[in-house]
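Presented below is the structure to which this report refers.
No lab work stands behind these numbers, since they all come straight from the coordinates. It should be emphasised that the depicted structure is a prediction, and the values quoted were computed from it without experimental measurement. Virtual Cβ from ideal backbone geometry, glycine too; neighbours counted across all protein chains shown.
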Amino acid sequence: MLDATPTVFVVDDDISVRRSLELLIDSAGWQPATFASAHEFLHHPRPVSPSCLVLDVSLPDLNGFELQKRVSPDRSDMPIIFLSGYGDVPMTVRAMKAGAVEFLTKPFKDDVLLDAIRGAIQRSLTARLEESETQELRSRFASLTPREREVMSLVVSGLLNKQVGGELGISEITVKAHRGQVMRKMKADSLPHLVRMDARLGAPVCTEPLTLTARPPSLFPTCHTSP
């Protein structure tokens with residue numbers, strides 16, 4: 001839901017900070033959601049809209065860094081903005097290295113935080129859009145037959161139709177037919193476009209002569225270099 005109102009999560013144990021940030025976020029046109037502790041936040045359902053997390057470093061249960069460690073691996077579409085009343089350079093470096101997009105020391109001006117949130121939400125939108133596009137590519141790839149996947153794997157590795165036919169033991173005409181189906185199903189308008197799709201899917205691209213072996217069932221084909 002890329003067009004849904006972005007949600008700005010706030011985790012801070014100071015109720016006055018939560019209330020002031022809630023009003024500020026709401027006035028900017030975003031949806032605020034505030035929590036007094038890390039555990040409260042972790043029990044909240046994952047948002048369906050673009051979002052970011054405004055996170056205080058000092059919390060009564062898990063501290064901000066510990067919460068960041070839990071959130072970052074599977075919520076890359078939720079950028080984190082740290083807040084602290086005693087920020088220093090090592091603390092800032094630690095947060096940024098772990099993926100935070102901003103580290104603000106209290107007190108800060110409203111427009112500084114709003115700018116940081118605006119940038120974080122844009123990152124969230126971009127990440128969600130990329131994930132949506134990748135899921136669409138995976139769906140297209142899943143529609144290919146096993147033979148079409150073999151042909152695609154060899155074609156994007158740089159082999160000509162005749163070479164693909166030799167590797168698979170089929171005629172060049174048959175290769176062209178399979179290749180056409182691959183291009184149609186993947187909605188690729190050129191070979192470079194198909195190669196970019198393959199790279200985005202994470203499928204391996206081989207640069208040496210290939211021999212195909214039996215493959216275990218998986219979403220992506222594997223390739224093996226000749227001995």
Simple spin-label model, 7 Å along Cα-to-Cβ: LYS176 to LEU201 in nm?
2.4
Potential lengthening between THR5 and ARG118 on full extension [0.36 nm per residue; Cα-Cα distance subtracted]
39.4 nm
Relative contact order as a percentage, region 1-117, C-alpha pairs under 8 Å and 6+ apart, gives 24
Peptides ranked, highest mean first, by Cβ atoms within 10 Å: ranges 94-104, 45-55
45-55, 94-104
What is the list of residues in region 87-108 whose amide nitrogen lies under 18 Å from a point 7 angstrom out from the Cα of ASP13, following Cα to Cβ?
87, 106
What is the calculated FRET efficiency for VAL89 to SER58, with r their C-beta to C-beta distance and R₀ = 22 Å, to the nearest 0.05?
0.80
Given the DSSP H assignment, sum -39500 (n - 2.57) over each helix run of at least 4 residues in the chain and divide by its residue total; what's the result at 222 nm in deg cm²/dmol, nearest 500?
-15500 deg cm²/dmol
Rounded to whole Å and ordered largest first, report the semi-axes of the equivalent ellipsoid of the chain derived from its Cα gyration tensor (root of 5λ).
49, 18, 14
Can you bin region 7-136 into rounded, prolate or oblate? Criterion: square roots of the alpha carbon gyration tensor eigenvalues sorted a ≥ b ≥ c, rounded for a/c under 1.5, prolate for a/b above b/c, oblate for the rest.
rounded
How do the peptides 181-190, 76-85 rank, highest first, by the average count of neighbouring beta carbon atoms within 10 Å per residue?
76-85, 181-190
At 7 Å along the Cα-to-beta-carbon direction for both ARG75 and HIS39, put a label point, then send me their distance in nm to one decimal.
1.7
Bridge orientation stat for the chain from DSSP, antiparallel percent rounded to 5, came to 5
Rel. contact order, % - alpha carbon contacts under 8 angstrom, at least six apart, the chain:
14
